[in-house]
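Data block below; observations after.
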């Protein structure tokens with residue numbers, strides 16, 4: 001399963017874009033303090049990278065992490081598309 005470049009949100013939080021070629025779906029792993037803390041796309045079937053990006057801030061809010069800026073949203077979308085290949 002291809003993993004994208006980790007996107008740091010702050011010193012203790014990062015997002016890792018993921019593409020599953022078998023399921024043809026995108027997801028984003030949330031890591032806090034070096035440990036997995038959630039997966040955006042575990043329940044949803046994001047077959048389109050844009051759908052994963054559109055709803056990431058709601059996921060982050062439930063995880064008590066700040067929302068992404070417009071630039072961060074753009075970077076995350078680009079990374080998801082790149083890892084699909």
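Things worth noting here:
- Sole residue being in a loop (DSSP other than H, G, I, E, B), crowded, with 17+ Cβ neighbours inside 10 Å and modelled with pLDDT of 95 or more, chosen from 53, 18, 28, 65: 65
- Test for residue 79: is it closer than 13 Å to residue 15 by Cβ and out of contact with any strand residue (DSSP E or B) (no Cβ under 9 Å at 6 or more places or on another chain): no
- Considered as a group, the residues in segment 6-15 that are free of Cβ contacts under 8 Å to residues at least 24 places away in the same chain and assigned to a strand (DSSP E or B) include one that is surrounded by the fewest Cβ atoms within 10 Å (Cβ to Cβ), and that residue is 8.
- Residue count for segment 68-85, restricted to those that are part of a loop (DSSP other than H, G, I, E, B) and touching a residue at least 24 places away in the same chain (Cβ under 8 Å): 2.
- Just one of the numbered conditions (1) in a loop (DSSP other than H, G, I, E, B); (2) surrounded by fewer than 16 Cβ atoms within 10 Å (Cβ to Cβ) is not true of residue 39: (1).
The values are calculated or read from the model by the stated rules, or taken from the named source; none is laboratory data. Predicted, not measured: the structure shown is a model, and the values here were computed from it. Note that each Cβ is placed from the backbone with ideal geometry, even for glycine, and that neighbours are counted across all protein chains shown.
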